[in-house]
1. What per residue convex hull volume, in Å³, do the alpha-carbon atoms of the chain yield?
2. How do 307, 73 rank when sorted from fewest to most other Cβ atoms within 10 Å of their own Cβ?
3. Which angle from 0 to 90°, rounded to the nearest 10, does the C-alpha axis of helix 152-163 make with the longest principal axis of the chain?
4. What does the extension gain come out to for residue 338 and residue 31, with contour length at 0.36 nm per residue minus their alpha carbon separation?
5. Can you tell me what percent of all Cα-Cα pairs in segment 118-209 are more than 19 Å apart?
6. Rank by packing, highest mean first: peptides 245-252, 182-189, 350-357, with packing defined as the count of other Cβ atoms within 10 Å averaged across residues.
7. Could you tell me how many degrees, from 0 to 90 and to the nearest 10, lie between the Cα long axis of helix 23-37 and the main elongation axis, the longest principal axis, of the Cα atoms of the chain?
8. Can you give me the angle between helix 117-128 and the longest principal axis of the chain, using Cα atoms only, in degrees from 0 to 90, rounded to the nearest 10?
Ligand SMILES: *Cc1c(COP(=O)(O)O)cnc(C)c1O
């Protein structure tokens with residue numbers, strides 16, 4: 001087990017709860033994307049939202065080693081964390097920002113996303129002070145998602161206005177369509193055609209933009225290809241599917257989440273109380289013994305809602321969760337199970353009885369939503 005970033009051993013001993021990710025699976029998923037898009041297409045890997053909950057620093061290190069062309073995140077703080085981890089791959093800021101953020105964004109060397117004239121002017125003002133070469137920006141077009149971006153019919157005019165600002169270079173032009181069912185897919189297909197029309201008319205007008213990009217996980221899962229020079233996958237790199245299983249098989253992409261684990265810090269024998277049926281935790285207790293591990297709500301663990309009982313694994317044996325509090329996870333243990341302080345409990349795994357999709361379903365969550373609840377402070381190791 002090799003820590004990908006420095007994990008404080010003392011902190012891990014006093015709060016032994018961590019996440020293990022599978023670097024080989026991440027390499028495999030990236031290779032699968034490359035196989036689908038062909039070798040000439042650049043890969044901008046989306047590592048937003050703490051790499052979809054998997055730990056942005058260790059994930060980005062693996063992706064940098066694997067040679068991705070660019071990393072994309074929505075968060076300035078996360079972009080800074082990449083640099084602190086020694087990652088030097090160019091970083092695109094996806095989310096957009098207030099004009100007053102541009103000075104700091106450029107000072108750090110991040111590539112801003114622009115979608116209106118105010119943003120472009122703010123970049124131009126901030127850029128003119130230091131840069132010798134034009135400052136690269138990406139322009140984002142909204143072609144139907146209805147979120148951030150310049151409207152399709154105003155994009156050419158915005159690009160024209162930016163071209164007049166001599167200290168800015170439109171290095172990239174991109175859009176984002178994401179869908180999860182066949183209806184959304186049909187709509188996305190139709191809207192993407194309008195984006196490709198825009199690219200065609202810009203080209204015809206002699207506007208040269210080196211990086212163009214429109215395809216993300218849902219499109220790549222469907223096997224779509226286009227003439228853009230880049231793609232920007234997120235979900236599939238982590239082995240997560242943004243689409244319903246009826247639409248596309250997630251295989252051959254593999255989950256990079258190996259496990260979330262926590263160690264037993266106490267074994268309790270309740271033979272002399274509290275009695276079963278009493279107290280919050282003991283209402284539903286069936287066994288004589290319980291163990292406690294430090295994997296509580298604060299760590300992002302939630303147990304189950306409704307009538308389903310959550311389980312954790314102890315050496316492949318399923319143990320029933322009887323309580324989750326802010327700091328602690330309490331599990332009951334049948335008499336035939338040998339268990340001791342320091343033993344590992346698997347709270348979430350890549351597959352099997354505590355697979356992420358099952359743990360998420362106990363909460364009526366999608367897997368990505370469950371990943372978002374796990375604490376970003378949980379140490380992550382690449383195994
Ligand atoms: C999140 C995001 C992506 C990646 O989307 P996935 O569905 O996770 O592959 C691509 N482009 C933009 C603009 C995004 O915000």
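1. Here the figure is 148 Å³ per residue.
2. In increasing order of surrounding Cβ atoms, one gets 307, 73.
3. 70 degrees
4. Details: separation 307, 0.36 × 307 = 110.52 nm, distance 4.24 nm.
Fully extending the segment from residue 338 to residue 31 adds 106.3 nm.
5. On the way: 1867 of 4186 pairs.
Summing the P(r) tail past 19 Å for segment 118-209 gives 45 percent.
6. Values: 245-252: 12.4, 182-189: 15.0, 350-357: 16.6.
Ranked by mean Cβ neighbours within 10 Å, highest first: 350-357, 182-189, 245-252.
7. Once rounded, the angle reads 40 degrees.
8. Between helix and principal axis, roughly 80 degrees.
The numbers here are math on the coordinates, done by the rules we state, and not lab data. A quick note: this is a predicted structure, and the numbers were derived from the prediction, not measured. Methodologically, a virtual Cβ is constructed for each residue, glycine included, from the backbone with ideal geometry; neighbour enumeration extends over all protein chains shown.
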